[in-house]
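The values are calculated or read from the model by the stated rules, or taken from the named source; none is laboratory data. Not measured: the values here are computed from a predicted model. All Cβ positions, glycine included, derive from the backbone under ideal geometry; neighbour counts span all protein chains shown. Accessible surface is based on the protein model in full, side chains and every heavy atom, while ligands, DNA and RNA are left aside. Shrake-Rupley method; radii C 1.70, N 1.55, O 1.52, S 1.80 Å.
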Amino acid sequence: MKLTEKFEFIKNKPARNRIVMPPMDTLMAEDGFANEFHIQHYGARAYGGVGTIIVESTAVLENGKIREKDLGIWKDEQIEKLTQITNIIKKGGAIAGIQLNHAGSKADLSIPTVGATLKYDYMDQSKLTLLNESNLDQIKTAFIQGANRAKKAGFDFVELHAAHGYLLSELISEQLNEVIKSSDILVRAKIIIDIVDEIIDNIGIPVGIRFSITDHEKNGMEVKDFLPLLKVLENKVVYFHISSGEVISRPNIAEVIKKAGTKLFRVPLAAQIKEQIKTPLIVVGNFNNLEDINFAMNYEIDGVAVGREIIYNPNLVINSLITSEEMDDVSYNWNDNLWFNYKPYKKLKEKMSTTTYIKNN
């Protein structure tokens, strides 16, 4: 695979390249509402050449926020500002997605919330109660309604956050789930399967899912434990977003990297999945440069999620990852104004870096 190949995980909507901006909380919302910050934040990365943008964790219920200033999608009034985000992303040439989440027992809020575990005893659990059947039904409905609002806001797809110990992740984990006692992952994860089915059947917007595919913990979940769930979802979702850890506890990443022999330790994990699952995979974690991207491409990874580096360098793709020859005028057209057309500027930079150009000029 090549970075510059179009990534068509959504039928008839190819992303211009295989670079994905993963969801990263900005903590800049008020009462769940997006504002001018979010518009410029995501717009900058779209105009900077990213192929696919997944807007940060967005709460499907007010008490499902991770922190107070998270984005929300629990009421219709929030659609208008979210629409402005999708508009700027698409004008910049990127595919627009949004991550739907309920923080569960990891919610750090001043209001009562519910979760599937009381085992996060390092957090304030004074306002936390365990889920009951009524709560589960409400949460399932909230995810479906959130997907509907996302579609109205113009997003191309939604991503369910089932990683990092948030609610859907808590339910998956046999060690954490204190509500549904079963050794069968399909029983514990039934709500996820139901949400996916109802969004596809009733809302009609493509769905991806983010998983912590291993806990990096002794006796924790590993890739093989997820395979029955991945098999059930294989022909339903448009991608799996592969992350890891942060479920039972925060892993010692230095030890994980040492054991794996690479800072890109999630790539070999994803390769295990590709051996048995046909659904496209996005992999996140420690990608900083073209060498890192090509490492993933050599493993036939479909989409590479570049997180922190994109935060610090919105123009990473057009500055560092692709050449001017790889920019077609339709996909990477900033502006018809000469001074805002990046392609000729980059060509000039590339020419000026050669000895021949310097000698002749």
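On a 0 to 90° scale, report how tilted helix 223-233 is relative to the longest principal axis of the chain, with both axes built from alpha carbons and the result rounded to the nearest 10. Here the helix axis deviates by roughly 90 degrees.
In region 13-336, taking the dipole from charged Cβ atoms about the Cα centre, the farthest positive-side position among Gly245, Gly154, Ser110 is held by Gly245. In the chain, taking the dipole from charged Cβ atoms about the Cα centre, the farthest positive-side position among Phe340, Ala189, Ile89 is held by Phe340. Region 26-67 and region 146-209 have their alpha-carbon centroids 20 Å apart.
With charges set only on the Cβ (+1 for Lys and Arg, -1 for Asp and Glu), what does the dipole of the chain come to about its Cα centre, in debye to the nearest 20?
On the way: 43 positive and 47 negative charges, 216 e Å.
Computed about the Cα centre, the dipole is about 1040 debye.
Across the chain, Cα-Cα pairs more than 37 Å apart make up 18 percent of the total.
Would you kindly state how much longer the chain becomes between Asp184 and Asp225 on full extension, computed as 0.36 nm times their sequence separation minus their alpha carbon distance, in nm to one decimal? Don't jump to the answer; show the numbers that get you there.
On the way: separation 41, 0.36 × 41 = 14.76 nm, distance 0.96 nm.
Value of the extension gain: 13.8 nm.
Note down the magnitude of the dipole of region 145-243 about its Cα centre, charges +1 on Lys and Arg C-beta and -1 on Asp and Glu C-beta and zero elsewhere, to the nearest 20 debye. Let's see the in-between values first.
Details: 11 positive and 15 negative charges, 45 e Å.
Charge dipole, region 145-243, about its Cα centre: 220 debye, nearest 20.
Would you mind counting up the charge near Asp328? Only other residues with Cβ under 10 Å from its Cβ, with Lys and Arg at +1 and Asp and Glu at -1.
Working: positive: Arg16, Lys343; negative: Glu325, Glu326, Asp329.
Cβ neighbours under 10 Å give a net charge of -1.
For the chain, a Gaussian network of Cα nodes joined below 10 Å ranks Glu174, Glu198, Glu350 by mean-square fluctuation, and the top entry is Glu350.
Determine the share of the chain's accessible area contributed by carbon and sulfur atoms, expressed in whole percent, with a 1.4 angstrom probe.
Values: 7830 of 16090 Å².
Answer for the chain is 49 percent, counting heavy atoms of protein chains only.
Per-residue ellipticity at 222 nm computed for the chain from its helices equals -10000 deg cm²/dmol, with DSSP H segments shorter than 4 residues left out and the rest contributing -39,500 (n - 2.57). Compute the helix-to-body angle for 342-352: its Cα long axis versus the longest principal axis of the chain, expressed 0 to 90° and rounded to tens. Result, in degrees: 60. Reported to the nearest whole Å, the Cα centre-to-centre distance from region 118-144 to region 220-237 is 23.
Accessible area per residue for region 72-126 in Å², computed with a 1.4 Å probe and the full protein assembly in place, what is it?
Numbers: 2240 Å² over 55 residues.
Spelled out: the 1.4 Å probe surface of region 72-126, per residue, equals 41 Å².
Among beta bridges identified by DSSP and lying wholly in the chain, the antiparallel ones come to about 5 percent. Phe265 sits among other residues whose Cβ lies under 10 Å from its own Cβ, and their net charge, with Lys and Arg +1 and Asp and Glu -1, is +4. For Thr279, the shell of other residues with beta-carbons less than 14 Å away shows a net charge of 0, using +1 for Lys and Arg and -1 for Asp and Glu.
Could you give the angle, 0 to 90 degrees to the nearest 10, between helix 79-91's Cα long axis and the longest principal axis of the Cα atoms of the chain? Roughly 30 degrees between the two axes.
About its Cα centre, what dipole magnitude does region 1-77 give when the only charges are +1 on Lys and Arg Cβ and -1 on Asp and Glu Cβ, stated in debye to the nearest 20? Before the final figure, lay out each step's value.
Details: 11 positive and 12 negative charges, 141 e Å.
Result for region 1-77 is approximately 680 debye, rounded to the nearest 20.
When the Cα positions of Ile144, Tyr120, Ala34 are compared along the charge dipole of the chain, Ala34 comes out farthest toward the positive end, with charges on each C-beta of Lys, Arg, Asp and Glu.
Sort 275-286, 156-167 by packing, meaning the average of other beta carbons within 10 Å per residue, with the highest value first.
Working: 275-286: 18.9, 156-167: 25.6.
The densest-packed peptide leads the list: 156-167, 275-286.
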